[in-house]
Amino acid sequence: METMTGAKALMTAMEKEGVKQVFGLPGGANLPMYDEFARCNIRHILVRHEQSAAHMADGFGRVSRKPGVCFATSGPGATNILTGIATAQADSAPMIAVTGQVPVAMIGRDAFQESDIIGMANPVVKYAFQPRKAEEIPEVVKKGFFIAETGRPGPVLIDIPKDVQQNEAEMIFPDEFKIRGYHPWTDPDIVNVEKAIDMLLQAQKPVILAGGGTIISSAFAELQAISELLMIPVVTTFKGKGSFPETHPLSLGPIGMHGHAEANKVMSEADCVLAIGTRFSDRSVGTFEAFEKKLKIIHMDVDPAEIGKNQTTNIAVVGDVRASLRIMVKMLMQKAIKNTQETPWLKHVKETKEYWKENLKLHPGEMGAAKILRKLRELLPAESIITTEVGQHQMWASLFYDVIQPGTFFSSTGLGTMGWGFPAAIGAKVARPDIPVVDIAGDGSFSMTENSLATAVLEDIPVIVFLLNNFTLGMVAQWQRTFYDRRMIGVDQGKCPDYVKLAESYGAQGIRAQSMDELDKAIKTALNSDVATVIDIPIDPEEDVLPFVAPGTSLSDMILPS
Amino acid sequence: MMWAILSILVENKPGILFKVTHLFRSRNFNIDSISVGVTENPEYSKMTITTYGDEKQIAQIVKQLDKMIDTVEVKQLDEQKTVYRELSIFKIKLSNASDSMEINKLANAYGAKVHDVRKDSIMVELTATPDQIKAFEELAAPFGIIDIARTGVAALQRSGS
Ligand SMILES: Cc1ncc(C[n+]2csc(CCOP(=O)(O)OP(=O)(O)O)c2C)c(N)n1
Ligand SMILES: [Mg+2]
């Protein structure tokens, strides 16, 4: 036992959890914890807006699979991180957000910079704590990390009143604790795994749908083993993109609103799906009714509440999906099940894939999205990490950037938060400084958190912003062209700012690439630089993302390039 | 649509009622009635929530409640195997001379207690199932109901079930 302040206990407890850095911005209500940075081994990475701190922590968490930590002060600091917390929750990313709060005696009196952040954040956190006594802090931190990273991961908020940070107490750092209402692990039901195998073997047209849970649990090898042993083609959700190597002959890529044509086609023809770690989001499956028609669904998920939430399932296996898939692989090996015969279904799948490879019409110009993203793929090492912003560029990345090494593609898929990709890339680079990290960006999104350039430069975190610049809120413009008779309202970004100059003004590198040659050089230069680089790539503002499954329709009704 | 009685054992800490009711709102479920009280173990409170939904919705509510870290145990109680009661208090108008006697009779039939008899109103306390309370309300309506207060259902499963 040791006497120390709550703030010191917070930092000590975080060091015990292995925290090496915190992304944040100080203010009156969190000054006591900030002062502790002077006395501990945790690095502080200063942001220019707290939302970015949360996205950085999120990016760090998704890549390292350990919660990233962000700090913000009370009131506006706390409300600024809300978007970041909600984004992490929607994509089940582990995160610890620590906010300062007004002193306990001031709570509820509308004090200066008081906001009821616990009340506001409740619907978008996995859990929230507000320790009222300094001595509660060590256990709160321990529980917080445990909750954030186990089961279905998510963000945990720890809101600490200023006096609780300042007060001294005898601190016990517990090794054990009890959370009675939290059971993150369920052992997968072996009988149901066996039934699932039978169902897959009996199916004429089986398909595997790999969701984000496959990536969160790193079930890459297991997924590939099952697909290969049973010779079942793999489609993914957008969040599951890259859970299976997209260069694999059995890979069809993401389904959904902007899924690959071959993936949507095959998914809508299948008679049985092994769905792994997915919530069957409307963006992935189109209308629920059309999706489940004629389809037998086997659903594996760590979260029991996902079973039957959006889709009726025939067989459910609750548990960590990697554990469930391992059992399945083991059973297949024991039963010596290995398909080698090319079924008519598989032949059809291959033909479908070939057909769309040759027949999907692409933008004819030199700087069409497909060409640009394929160039990026060609020049990036296989292990490079991609984050994206939100919009057309994000969907082009999904369509045209093939993930080779599983688990290297991250996006705000659930909440669709513009401005996520750049700070998330910074967080990812902090987690993996040894490999290139590229944010595939749009101009509108990048504008939202571009001031993170200051963090990238001053903290020496050299990420690459790969900016597909159509000078417009392109995705919205596409909907206005498609559904609103070309009435373009509120989408023109007016060639403002000049992103090369913007980058340079922060001390970053700015390169404009207007031809394939320039792009080639720019990517190589960026990869060889030790400073953050923005590659500004002007593109046609009228290029659409196609295919497009309009909202409220089924995956088989794709709008295709004319 | 079916009616369901949910028995939810929660940590006896501040803010939990808010979280549980908020879950109903944010997930688009309905609360029909709610009652809360501390259990024999002061570390826990028990919430009894009655709700309507189809089978799938009720199953989803139970799972979402179960997923909450502050809930220790969530059960959907089988109506047939459960003792469930709600306390209600009716204030009823007295217009005619015979009203008081007739309301007393009605109260007797329902095992209700009569309180606070005034010149122009009478109060009846009825502990019963929500269905019985509704039936009583319909019979009392012709006299003119001035006010009703209800506690929400409290429920316990019978032993051995
Ligand atoms: C914070 C936020 N505000 C608004 C939206 C709605 N929205 C979705 S895509 C988009 C346009 C994005 O523009 P840009 O980043 O330039 O990408 P582009 O579609 O042009 O590639 C908008 C406004 C959103 N997803 N997030
Ligand atoms: Mg744009």
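Any read-out appearing in this document is the output of simple, stated calculations on the displayed coordinates, not a laboratory observation. The model shown is predicted, which means the values in this text are computed figures rather than measured ones. Ideal geometry is used to build each Cβ from the backbone, glycine not excepted, and the neighbour counts take in all protein chains shown.
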Cα centroid of the stretch A:23-63 to Cα centroid of the stretch A:347-387, whole Å: 38
Distance between modelled label sites at A:Glu383 and A:Ile337, nm, 7 Å Cα→Cβ extension: 3.5
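Once you average over the residues of A:466-479, how many Cβ atoms of partner chains fall within 10 Å of each Cβ?
Numbers: counts 0, 0, 0, 0, 0, 0, 0, 0, 0, 0, 0, 0, 0, 0.
That average works out to 0.
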Cβ-derived FRET efficiency at R0 60 Å, A:Asp35 paired with A:Ser556, nearest 0.05: 0.50
Eligible lysines near A:Lys524 by straight Cα distance, threshold 26 Å, same-chain separation 8 or greater: A:Lys241, A:Lys371, A:Lys375, A:Lys429, A:Lys495, A:Lys501
DSSP-defined antiparallel bridges as percent of all bridges, chain A, nearest 5: 10
Reference-scaled alpha-carbon Rg (2.2 N^0.38 Å with N residues) for the stretch B:2-77: 1.01
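Under a Cβ-Cβ cut-off of 15 Å, what is the net charge of the residues other than A:Ser556 that fall near it, where Lys and Arg count +1 and Asp and Glu count -1?
Surrounding charge for A:Ser556 is -2.
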Cross-link reach list, aspartates and glutamates versus A:Lys142, counting only Cα pairs under 16 Å and skipping chain neighbours closer than eight places: A:Glu15, A:Glu17, A:Asp159, A:Asp175, A:Glu176
Expected 222 nm ellipticity per residue - DSSP helices of 4 or more, -39500 (n - 2.57), all of the protein assembly as shown, to 500: -10500 deg cm²/dmol
Within 10 Å of each Cβ in B:3-12, the average number of Cβ atoms from other chains: 1
Point-to-point label distance, A:Ala111-A:Leu362, nm (Cα→Cβ direction, 7 Å offset): 6.0
Note, ³J(HN,Hα) from phi for the stretch A:494-507, Karplus 6.51, -1.76, 1.60, rounded to Hz, x at Gly and Pro: x, 6, 9, x, 7, 6, 5, 5, 4, 4, 5, 5, 8, x
Neighbour net charge for A:Glu504 - beta-carbon separation under 14 angstrom, K R +1, D E -1: -1
Estimated FRET transfer efficiency when R0 is 35 angstrom, pair B:Asn28-A:Trp185 (beta carbons, to 0.05): 0.75
Degrees, to the nearest 10: A:137-149 long Cα axis against longest axis of chain A: 10
Rounded, prolate or oblate (a/c below 1.5 giving rounded, otherwise prolate when a/b exceeds b/c) for the stretch A:2-171 by Cα gyration tensor: rounded
DSSP beta bridge pairing in the stretch A:99-247, given as percent antiparallel to the nearest 5: 0
Listed peptides A:61-71, A:409-419 by packing density, highest first (mean Cβ within 10 Å): A:61-71, A:409-419
Nearest-ten-degree value, helix A:76-90 long axis tilted from longest Cα axis of chain A: 30
Relative contact order (percent, whole number), chain A, Cα cutoff 8 Å, 6+ residue spacing: 14
Net charge, A:Glu459 excluded, C-beta distance under 11 Å - Lys, Arg +1, Asp, Glu -1: +1
Spread of Cα-to-Cα distances over 5 Å intervals beginning at zero, given as percent, for the stretch A:361-546: 1, 9, 18, 23, 22, 15, 7, 3, 1, 0
Average beta carbon contacts from partner chains per residue of A:172-181, 10 Å cutoff: 3
Efficiency of FRET between A:Lys524 and A:Ile172 - r from beta-carbon atoms, R0 51 angstrom, step 0.05: 0.40
Between the stretch A:445-520 and the stretch A:64-135, the alpha-carbon center distance in angstrom: 30
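Using the structure shown, list the pairs from A:Lys195/A:Lys294; A:Lys20/A:Lys126; A:Lys8/A:Lys133; B:Lys46/B:Lys105; A:Lys126/A:Lys330 with a Cα-Cα distance above 25 Å, or answer none.
The answer is B:Lys46/B:Lys105; A:Lys126/A:Lys330.
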Nearest 10 degrees, 0 to 90: helix A:321-334 Cα axis against chain A principal axis: 40
Burial order of peptide ranges A:154-164, A:285-295 (average beta-carbon count within 10 Å, highest first): A:154-164, A:285-295
All-pairs alpha carbon distance profile, chain A, 10 Å steps from 0, percent: 4, 18, 26, 25, 18, 8, 1, 0
